[in-house]
1. With a cap of 15 neighbouring Cβ atoms within 10 Å, and only residues DSSP puts in a loop, list the chymotrypsin sites (Phe, Trp or Tyr not before Pro) found in segment 181-237.
2. Percent relative contact order of segment 49-194, based on C-alpha pairs within less than 8 angstrom and at least six residues apart?
3. Where a ≥ b ≥ c are the square roots of the eigenvalues of the C-alpha gyration tensor, would you call the chain rounded, which needs a/c under 1.5, or, failing that, prolate if a/b is larger than b/c, or oblate?
4. Kindly put Asp138, Asp216, Asp52, Asp127 in sequence by how many other C-beta atoms sit within 10 Å of each C-beta, fewest to most.
5. Using a cut-off of 28 Å between alpha-carbon atoms, which lysines can reach Lys122, once sequence neighbours fewer than 8 places away in the same chain are excluded?
6. Would you mind ranking His208, His166 by Cβ crowding within 10 Å, fewest neighbours first?
7. When the Karplus curve 6.51 cos²θ - 1.76 cosθ + 1.60 is applied with θ = phi - 60°, which whole-Hz ³J(HN,Hα) does each residue of segment 41-48 get, with x for Gly and Pro?
8. Sticking with the crude label model, points 7 Å out along Cα→Cβ, report the distance from Leu129 to Asp247 in nm, one decimal please.
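Read-outs throughout are calculated quantities, based only on the coordinates presented, and are distinct from any laboratory measurement. None of these values were measured; they are calculated from a predicted model. Cβ placement follows ideal geometry from the backbone for every residue including glycine, while neighbour counts extend to all protein chains displayed.
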Amino acid sequence: MPDLAQSIQAALSERFGERLDVDPALPGLDELSRLAARRVHRRWLAREVAPDLLRLLCACALSAPSKSDLQQGDILIIREKAKRQTIAALLPEMPWLSDAPVFLVFLANGRRLPRIAQLRGKPFPNDHLDLFFNATVDAAIVLATFLRAAEAVGLGCCPISVIRDHARVISEMLVLPDKVVPIAGMCVGWPAEVSGITARLPLGLTLHEERFEEGDLAAQIESYDRRRAALRPFRNQRDPERFGRADFYGWSEDKARQYATPTRTDFGAFVRAKGFRLD
Ligand SMILES: Cc1cc2nc3c(=O)[nH]c(=O)nc-3n(C[C@H](O)[C@H](O)[C@H](O)COP(=O)(O)O)c2cc1C
């Protein structure tokens, strides 16, 4: 399969700015080529996603590994138009949400385990940060596995963490009980267009061997900013009234500006109000 090996190499080279060896005789190259070239989708064809297909993909996603086999990640399918419109209206800056044929919410479920302890008449002395952390990690793995399953059948997805800007409202609307919190939503549909690959930080920064090494962070970030801008420059600069207009506007400038404004500072209070103890 030389074509697949070449396409993986081309996608990863665009992604990381580095040539990786790909053995054309490796099994599973079709899966690797989907992963290497993956991208989120934000435009959809006016075509339904059949309920049976969605159920199949959710079952595959929920086959993901789970911490201690505790199974603390759940998926909520939202079909009702009114609910979808209420969520979309909270996020007008993301029109891909209202247009998507399917919207899912991935839930960290820290409720089932203490309930099982109760059902079995056992104490539950583990109501602390780890309960929230384990449930969140499980839900995130389910989300990532759903992406993989959906992309395998040709669907496109866009996770939506911005729903957490409105966690309390969405939680009330979805009647989520105590110790069940949304970690992210997800738009799912048949893609109407293929967007570009987003370059990632160099493996020199994110892939460590034997020990954690940061290396020359400033130089690596500068070079990443330049490589990424050459592939797909940012169209808009964030907050120019506050920070001015940069001659060169790279990824690191964008992220530094993004996180110069407090976001979701009430999320901890929301999670605590949902009954998680974070100590
Ligand atoms: C947990 C998570 C939450 C995300 N939330 C949003 C979101 O709220 N809105 C959005 O448009 N994209 C969202 N994204 C998509 C990212 O912006 C996207 O993955 C990133 O820009 C890199 O692009 P790529 O996935 O095409 O490589 C999210 C992705 C993840 C993994």
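1. Hits after loop and neighbour filter: Phe212, Phe234.
2. 34
3. The shape class here is rounded.
4. Asp52, Asp216, Asp127, Asp138
5. Lys67, Lys179, Lys274
6. Arranged by neighbour count, lowest to highest, His208, His166 become His208, His166.
7. 10, 9, 10, 10, 6, 7, 9, 5
8. Computed distance between label sites Leu129 and Asp247 equals 4.4 nm.
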